[in-house]
Amino acid sequence: MARPLNHIQQEIRELSDSDKEALLRQLWEELDGPGDVDVDAAWLDEVKARSQQIQEGKVRAIPADEVFARIQASLRR
C-alpha cells in the first residue's frame, strides 16, 4: 500500500536543500520525458548563430534589466 502523500511531503521537508534539488530535478525529468535530440541540436545551432551575430556587430545585445523594464512598462499600459 502506498504511503499517504502528507507523509511523503513531510519526509521531503526534512531533506537537505541539495537532496531536495536532486529530487526535484529527477521528478521534473520524469514528467518532462526524454529530450529531443533534434530540438537540442537546433537550439545549439541557434545559440551559435546568435553569438556569431553579436561578435560580428550585426546585432546589439540588450541588458536583461533593460528588457525587463520594457516589459514592465508595456504591461502597465
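For region 37-60, a residue qualifies if it is loosely packed, with under 10 Cβ neighbours inside 10 Å and outside any helix (DSSP H, G or I), and the qualifying residues are GLU56, GLY57, LYS58, ARG60. Reported count of residues in region 1-36, each being of a type in the set (A, V, I, L, M) and surrounded by 10 or more Cβ atoms within 10 Å (Cβ to Cβ), is 7.
A single member of LEU23, LEU15 is modelled with pLDDT of 95 or more and in a loop (DSSP other than H, G, I, E, B), and it is LEU15.
The values are calculated or read from the model by the stated rules, or taken from the named source; none is laboratory data. Since this is a predicted model, take the numbers as computed values, not measurements. Note that we place each Cβ from the backbone using ideal geometry, even for glycine, and neighbour counts take in every protein chain shown.
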